[in-house]
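The next block holds one structure in the form of structure tokens; read it before the comments.
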Amino acid sequence: MLNIALPKGRLGEKVYTMFEKAGFECPSIKENNRKLIFENTELGIRYFWVKPSDVSIYVEHGAADIGVAGKDILLEYAPDVYELLDLDIGKCRMAVAGKKDFRNPSQRPLRVATKFANIAKNYYKSIGRDIDIIHLNGSIEIAPILGLSDVIVDIVETGTTLKENNLEVMETIVPISARLIANKASFKFKTKQIERILESMREQLKEQKK
Amino acid sequence: MNFGDAVFENEEKAIFNLRKLYTEYGFSKYKMSKFEEYDFYVRNKDFLVSDNIITFTDSDGKLMALKPDVTMSIIKSSKDIKGFVQKVYYNENVYRTSGDTGQVKEIMQVGLECIGDIDDYSIAEVVLLAAKSLECIDKDYVLDISHMGIIAESLAQSGLSDAGRNEVMNAFGEKNVHAIVDVCQKEGIKEEKTALLCELSRLSGVPSQVIPKLKELSVSDGFSAAVSQLEDVSEMLKTNGCEGCTRIDFSVANNMKYYSGVAFKGFINGIPGGVLSGGQYDKLMKKLDRSAGAIGFAVYLDMLHWIEKASSDFDVDVLLIYDQGAEVLEVGNAVKELSRNGKSVMVQREIPKKLRYRQLIKLEKGKVNILENNA
């Protein structure tokens, strides 16, 4: 049985379609109910919906053989998994944003509010800037407005939320998209199935780009 | 005394089998202290699996460390003698902090080290013992083998910057072909050089299929010499019936600061991570001012709890309950009699909840009465 962890939400639904096209369909997943686990015993496949940020945990610990996770999560938590394919969907960027009239306070550490402490730490280390991290779990955009931080490091998709809060992107740290990941041990023992999926997804991406 | 298989946990069984295997190949047991001076590790921190070393101050005011690694201690005590290879195995606890939670963990490791004037035979023997170690634990295993020389030569010819090479090394470990392409594009690397790196990252298969492809890909004498060494190792594995479970796979990309030649990692079906890791670490030897070469590996026994032991339907063969008035000797004799055929006997005054027993026996007025038979 191949276990696949999908991120709950729109991205997960898009990703499932790719698996379906690869020949790993599981019709029950489209039923409108609150179930989280779906099986197609004929094909030897089991899907489950998990919180997007948890996909890499399920895969790293072998509860899922493969899964789809955002590059932001992979950079932040650095799970010990194979990153097999950039699926080129769920595209956005990790960026530094601040108030439009922001001036860099060179005489003290920069206060950075973020959910992604490791990404922020690594970025500012690479440019040699001393920072204080303020770890927040949501509504990051209000931190600079209320004076809690100088800037934020967060995911920016369209930039609308930033604009509406009078903030702007100052620097792009890294582009983000969804990635197909695999548990390292599962890849050794379920190679054929995983490579079949991988190959089909590569083909689908080529088709899309044509 | 004969012990049935059921008596041993997976870890205990593995320790006995591995000790037997290593002794058969002339390795001798190495015992060491639980502590080392902190300073000894701090200069080569990158070699250690975990960054955080657990330290304490001893009565002389010296900063000591609970041993996070065995290899470095063994190197310290070995001697460089021309033509001689020191072959030792160990069964030790190491102390590390878990990356996710920061919790302190005591991990039991079994492993071996081959230090000294090592040659192609010593290398092939150690890789063979790695494969046989996995086989001892479970027949359904995979040993991934790569060669740092091949990766180093391919990176050298690519023209990537040091930062770029580090990124590509990480990408090798993740089988992340798209990251290799990104890094090479960013640094303006020619397409054919990028293609070689991508091809190496994708390669994975039994040695007889992969080695001919590697010969075609060779870009330098160093590359070809490394392929020839992999070929020797593969022949050794094939002769000993292990080829089917080995793969040449360059996702085993150890730290180039310490490792130089063959590197390998072992997996067992049902365990979510690697259970064995090793390689040739001549560069670490040099850093520790040693002229000899070295190769070794460790088996992480703490991972074996993932393999479910064939679970019995019963917790105990016989549950013996007795009246309050029963004599101690009466109960003792009944246990002696019932356990004579190797049966397990649990004595209780009352039947414990959730206990699964094959037979329920009650000792009443010096006589044993069978109340229940479940098998």
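Just so it is clear, none of the values below were taken in a lab; they were calculated from the coordinates. These figures come from a predicted structure and were not determined experimentally. Backbone-built Cβ (ideal geometry, glycine too); neighbour counts: all protein chains shown.
If you take all C-alpha pairs in the protein assembly as shown, what percent of them are over 37 Å apart? So the portion of pairs separated by more than 37 Å is 47 percent. Global size of segment A:57-210: 18.4, 57 Å for Rg and Dmax (C-alpha atoms, Rg to one decimal, Dmax whole). Fewest neighbouring Cβ atoms within 10 Å first, the residues B:Ser158, B:Ser33, A:Ser200, B:Ser204 line up as B:Ser33, A:Ser200, B:Ser204, B:Ser158. Farthest toward the positive end of the dipole of the protein assembly as shown, out of B:Gln209, A:Ile73, A:Phe102, is the Cα of A:Phe102, where the dipole comes from beta carbon charges about the Cα centre.
Annotation: aspartates and glutamates with alpha-carbon distance below 18 angstrom to A:Lys35 (same-chain offsets under eight excluded): A:Glu13, A:Glu25, A:Asp54. Mean residue ellipticity, 222 nm, helices only, chain B: the sum of -39500 (n - 2.57) across DSSP H runs of n ≥ 4, divided by residue count and rounded to 500, is -11500 deg cm²/dmol.
Mean partner shielding of peptide B:263-274, defined as the number of other chain Cβ atoms within 10 Å of each residue Cβ, is 4.
Would you mind telling me the antiparallel percentage of the DSSP bridges in segment B:316-373, rounded to 5? Don't jump to the answer; show the numbers that get you there.
On the way: 6 of 16 bridges.
Percentage antiparallel, nearest 5: 40.
Shape class for segment B:316-373, computed from the alpha carbon gyration tensor (a ≥ b ≥ c): oblate, with a/c not under 1.5 and a/b at or below b/c.
Between helix B:328-338 and chain B there is an angle of about 60 degrees, using the helix long axis and the longest principal axis of the Cα atoms. When the Cα positions of B:Gly244, B:Gln157, A:Ser177 are compared along the charge dipole of the protein assembly as shown, A:Ser177 comes out farthest toward the positive end, with charges on each C-beta of Lys, Arg, Asp and Glu.
Go through A:Lys121/B:Lys283; B:Lys76/B:Lys287; B:Lys87/B:Lys215; B:Lys190/B:Lys215 and tell me which ones have a Cα-Cα distance over 23 Å in this structure.
A:Lys121/B:Lys283; B:Lys87/B:Lys215
When only the Cβ of Lys, Arg, Asp and Glu is charged (+1, +1, -1, -1), the dipole of the protein assembly as shown relative to its Cα centre reaches about 660 debye. The slack in the chain from B:Thr97 to B:Tyr121, taken as 0.36 nm per residue of separation less the alpha-carbon distance, amounts to 5.0 nm.
Electrostatic tally near B:Glu372: other residues with Cβ closer than 10 Å to its Cβ, Lys and Arg +1, Asp and Glu -1, net +2. Relative to the dominant Cα principal axis of chain A, helix A:191-209 is inclined by about 60°. Apply the a/c threshold of 1.5 to the C-alpha gyration tensor of chain B and tell me whether it is rounded, prolate or oblate. Prolate.
Comparing B:Ile15, B:Ile123, B:Ile189 in a Gaussian network model of chain B where C-alpha atoms under 10 Å apart are linked, the largest mean-square fluctuation is found at B:Ile189.
On a 30 Å Cα-Cα criterion, which of the cross-link pairs B:Lys132/B:Lys354; A:Lys8/A:Lys163; A:Lys8/B:Lys257; B:Lys31/B:Lys132 come out too long? Could the numbers behind the result be given before it?
Working: B:Lys132/B:Lys354 40 Å; A:Lys8/A:Lys163 27 Å; A:Lys8/B:Lys257 41 Å; B:Lys31/B:Lys132 23 Å.
From the list (B:Lys132/B:Lys354; A:Lys8/A:Lys163; A:Lys8/B:Lys257; B:Lys31/B:Lys132), the Cα-Cα distance tops 30 Å for B:Lys132/B:Lys354; A:Lys8/B:Lys257.
A Cβ-based charge dipole, computed about the Cα centre of chain B with Lys and Arg at +1 and Asp and Glu at -1, lands at about 660 debye. When the listed pairs A:Lys21/A:Lys209; A:Lys30/A:Lys91; B:Lys45/B:Lys286 are checked against a 21 Å cut-off, the alpha-carbon distance exceeds it for A:Lys30/A:Lys91. Each of B:Thr71, B:Asn333, B:Cys114 was placed along the dipole of the protein assembly as shown (beta-carbon charges, centred on the mean Cα), and the one lying farthest toward the positive end is B:Asn333. Each Lys or Arg adds one and each Asp or Glu subtracts one; over the other residues with Cβ under 12 Å from the Cβ of B:Ile361, this totals 0.
The magnitude of the dipole of segment B:316-373, with charges of +1 and -1 set on the Cβ of Lys/Arg and Asp/Glu and taken from the Cα centre, is near 260 debye. Straight-line reach from B:Lys336: taking Cα to Cα under 18 Å and skipping same-chain neighbours fewer than 8 places apart, the lysines in range are B:Lys362, B:Lys365, B:Lys367. For chain A, the longest principal axis of the Cα atoms and the long axis of helix A:117-126 meet at an angle of about 60 degrees. Taking Cβ atoms as reference points and 11 Å as the exclusive limit, the residues near A:Ser200 contribute a net charge of -1, counting Lys and Arg as +1 and Asp and Glu as -1.
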